[in-house]
Amino acid sequence: MAALPLSKDDPAEIGGYRLTGRLGEGGQGVVYLGEAPDGRRVAVKVLKNAGAAARARFAREMAAARRVAPFCTAAVLDSSAEDELPYLVSEFVDGPSLQQHVADTGPLRGDELHRLAVNTASALAAIHAAGIVHRDLKPANVLLGPDGPRVVDFGVARAMDAEDSTQLVGTPAYFAPEWLKGDPPTAASDVFAWAGTMVYAATGQPPFGRAPTLPAVLHRVANAEPDLTGVPETLRDLLRTCLGKNPARRPTARDLITRLVEPGEPLDVTLTEALPRPARRRPARTLVACAAVGAAAWGLADALPHDRGRDPARPSPSVSSTTFHSQTSSTTVTTDQNGTTRPGPLPAAFAGTWTGTVRRAAGFGMGASTSEVTLTLRAGEGRGTTYYKAWKCRGALTVLTSVDDRLMLIEAPPGGHTTQLACAGGSLTLTRRGDRLDYSNTSLVPIEGSLGR
C-alpha cells in the first residue's frame with residue numbers, strides 16, 4: 001500500500017511513532033504510515049474531534065481490541081485516549097483492500113473466494129469473542145496481505161458513534177436493516193455486513209446493487225432482496241440466509257466457520273445473540289485461523305459505493321432500475337450511467353407548494369423535535385424540493401409512484417449524500433386528506449406531520 005507524502009499540517013510524530021507518510025483519510029480520522037522506535041513500520045490512525053465521551057468509549061474499545069485473538073485480524077499495538085487527539089497503532093501490511101483489489105482486477109473466484117470467506121468469518125468470530133461488534137465491516141476494511149486477508153477497523157465506529165448524534169457512522173450499502181429502524185448494531189448486524197462483503201468479493205457489486213442517492217441505498221437495504229447473481233452456488237444459500245431481514249435468523253460467526261469448512265453441517269439459525277454463544281465442541285479441523293501475528297493498515301472509503309479505480313475495459317451497466325409495486329399500480333424508476341433518475345408521474349392534485357409542521361421521533365441518538373417544512377412539487381416534472389427550517393436541511397424529491405390519493409417519493413440531500421443523519425432523507429409518503437397532505441417518512445426515524453397550501 002503506497003503512502004502519500006505528509007502535508008505541511010501533519011505532525012512529524014505521534015506518541016513516539018515517527019510519521020513518514022499518509023495512507024488515507026476519512027470521516028473518522030487520518031491514517032499515517034509510521035515507524036516504531038524499534039524500526040518496524042506501523043499504521044497510526046488519529047481520530048478527529050473526539051470529546052470526553054468519545055475518548056472514554058475509545059479507551060474501552062481499544063482495551064477490548066487488544067484481547068482479540070489474532071485470527072485474521074489486525075493486531076492493535078498501542079493506543080491512547082489522552083493525547084490532543086486519540087490515536088491507535090497497528091501493524092502495517094503492504095497490500096490493497098478487498099475493495100481496491102476487486103476494482104482493479106475483478107471479482108474473486110474458486111478457492112481464492114472460499115479462503116477469503118473462511119478467513120474473514122474467523123476474524124469476525126474472534127472479534128465477537130472479545131465482546132466487540134465491528135459495526136463497519138465492508139470491502140474497504142478487509143486488507144489482502146501477503147499472508148492472507150485481515151479484517152481491520154473493529155471497535156473504532158463504536159468509539160465514535162455517539163460523539164455527534166447526527167453523523168452517519170458506517171457504510172450504508174452494508175448497513176443491516178435493523179439498524180435503519182433505530183436498533184443498535186449487534187453481532188448479527190456484522191454477519192449481515194460480512195455476507196454483503198462476500199457478495200462484493202464474488203461479483204464486484206454491493207449486495208443490493210448501486211444506487212445514485214443515500215435514501216435509495218437505504219430503501220433497497222430495508223425492502224429489497226439481495227442480488228446474488230454471479231455468487232457461486234456453494235455460497236449462495238449461506239449468503240442469502242445471512243442477508244435476511246430478521247437478525248434472529250442469521251447464523252453466528254462461529255456457525256459460518258462450521259458451514260464453510262464442513263458444508264454438510266446444518267446451520268443453527270434459531271437465534272443470533274448480540275454476542276456469541278459459548279462455543280460448542282467441534283472437531284479440531286473446523287477451527288481455521290490465519291497466521292498468529294496479523295498485519296494491518298486502515299482502509300477508508302466514501303460513504304456510498306463507487307467505481308473509483310474500476311478497469312475501464314470492464315463495462316458497467318448503462319441503466320439500473322428499482323421497481324416499486326402496489327396493488328393498483330407499479331412504477332419503475334431508472335437511473336442512467338450518470339446517476340440521473342427518471343421520475344414517475346406527478347398527479348396534478350399534488351402540484352404546488354405545501355407548508356406545515358412535522359415531528360421527528362427520537363432515534364439514532366437524536367432527540368424528538370419539530371420543524372416547519374416547505375414542500376414544493378413541480379407539475380409535469382415528477383420532482384420537487386423540501387426545506388426544514390429548524391433542522392436547516394434541504395432535500396430533492398423524486399416521485400416513485402402514485403396510488404389513488406397517495407404519492408410515494410424518494411427524498412435525497414442535494415448532491416445525493418450527506419454526513420448529517422438529520423438531513424439524510426428517505427422514503428416519503430404523502431396522502432391527500434381533502435385540502436391537506438398527511439406527511440410520513442419512516443426510512444430512518446419516523447417523521448410525521450400535516451401540510452396545507
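The values are calculated or read from the model by the stated rules, or taken from the named source; none is laboratory data. Keep in mind it's a predicted model, so treat the numbers as computed, not measured. All Cβ positions, even for glycine, are placed from backbone atoms using ideal geometry, and neighbour counts span all protein chains on display. Side chains are part of the model used for accessible areas, which takes the heavy atoms of the whole protein and leaves out ligands, DNA and RNA. Shrake-Rupley method; radii C 1.70, N 1.55, O 1.52, S 1.80 Å.
Overview of values
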{"quantity": "Solvent-accessible ranking of Glu84, Glu372, Glu91, largest area first, probe 1.4 Å", "calculated": "Glu84, Glu372, Glu91"}
{"quantity": "Listed peptides 382-392, 94-104 by packing density, highest first (mean Cβ within 10 Å)", "calculated": "94-104, 382-392"}
{"quantity": "Dipole magnitude of the stretch 1-148, debye to nearest 20 (Cβ charges: Lys/Arg +1, Asp/Glu -1, about Cα centre)", "calculated": "420 debye"}
{"quantity": "Set of lysines near Lys181 by C-alpha distance (under 19 Å), chain-local residues within fewer than 8 positions excluded", "calculated": "Lys245"}
{"quantity": "J(HN,Hα) series, the stretch 384-394, from Karplus relation 6.51 cos²θ - 1.76 cosθ + 1.60, nearest Hz, glycine and proline x", "calculated": "x, 9, 9, 9, 9, 5, 5, 8, 6, 10, 10"}
{"quantity": "Straight-distance crosslink candidates among lysines, where the alpha carbon sits under 24 Å from Lys389 and sequence neighbours closer than 8 are dropped", "calculated": "none"}
{"quantity": "Segment Glu381-Glu13, extension gain: residue separation times 0.36 nm, minus the distance between their alpha carbons", "calculated": "126.9 nm"}
{"quantity": "Span from the the stretch 171-198 Cα centroid across to the the stretch 77-100 one, whole angstrom", "calculated": "23 Å"}
